[in-house]
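J.: Here it is: the structure, laid out below.
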Amino acid sequence: MPSDVEYSPLADGVGMGDFWLYVWMRRLSVVAAHVIALGLTLLVSLLSRPGTSLFSWHPVCMSFAYCLCMTEGILLFSAEGSPFCFKSRQGKVRLHWFCQALVLVAATSGAAFILASKNISELPHLVSWHSLLGVATLSATLFQLAAGVCLLFPKCLRLPVSPQRLKLYHATCGLLAYLLATATVVAAMFSDWFSATVRGGAWWAFLLLPLFPAAVVMNQITNAYLPRKKISS
């Protein structure tokens, strides 16, 4: 329900100068998250050389799904730095669903490519942290999508849960899926393929890049759903 109490992510008693500095820092961080999400997806796609093998499509699909589509699907609700800030709430929800549908299609395709590649090469499945985290990420993604469907059609499904609680479940599953996806991407950088492709300082840069959008996404979701302090009058 709408509330007549105004909230701020800042602590009580913060001056207006500090407030605007905080706002601009948040805007810059969201813009940087957009740039990193797109840049990381493009770099991984270039390094994978798609089409050279079945495996080459796995990092392309997965980076497109989680580094780009899931990041953009969450950040479009941000009040700072969203490229769709002119859209209505309903328009943003539709774009969010479109992004999540792309996540499901791309992630399923990426999983199919790695399964086919390992079967052809007669390599064992689920023997690395990357693969185990990947399964957990896909599972969390399905739970997040299921919670979203329940939120989209609450009257048709007649669930004994309030819309506010459904939103909380959906956001929690979404945050869990995103953090698991980030951990999976980081674990992939320890794989033989990536370690042989990227070395030295570039490897460390790749290792740190996914962490920044994850921090921005976590901050956005927690600020939206955790209790915040009242603005002092």
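J.: Using θ = phi - 60° and the Karplus relation 6.51 cos²θ - 1.76 cosθ + 1.60, list the HN-Hα couplings for the range 171-187 in order, rounded to whole Hz, with x at every Gly or Pro.
T.: After applying 6.51 cos²θ - 1.76 cosθ + 1.60, I find 5, 5, 5, x, 5, 4, 4, 5, 5, 5, 5, 4, 4, 5, 5, 5, 5 Hz.
J.: How much net charge surrounds VAL216 when only other residues with a Cβ under 14 Å from its Cβ are counted (Lys, Arg +1; Asp, Glu -1)?
T.: 0
J.: Give me Rg/Rg_expected for the chain, where Rg uses Cα atoms only and Rg_expected = 2.2 N^0.38 Å with N residues.
T.: 1.12
J.: List the chymotrypsin sites (Phe, Trp or Tyr not before Pro) within the range 78-158 that DSSP assigns to loop and that have no more than 15 neighbouring Cβ atoms inside 10 Å.
T.: Qualifying residues, ordered by number: PHE84, PHE86.
J.: Positive end of the dipole of the chain, charges at C-beta (+1 Lys, Arg; -1 Asp, Glu), about the Cα centre: which of VAL31, ALA196, SER121 has its Cα farthest in that direction?
T.: Looking along the dipole axis, the top candidate is VAL31.
J.: Something else about it: Once you keep just the Cα pairs under 8 angstrom separated by 6 or more residues, what percentage relative contact order results for the range 96-233?
T.: Relative contact order, the range 96-233: 23 percent.
J.: Ratio of the range 83-216's C-alpha Rg to 2.2 N^0.38 Å, to two decimals?
T.: Output field value: 1.26.
Taken together, the values in this text are just the output of simple stated rules run on the coordinates, not laboratory data. As the structure is a computational prediction, the values presented were derived from the model and not from experiment. Virtual Cβ from ideal backbone geometry, glycine too; neighbours counted across all protein chains shown.
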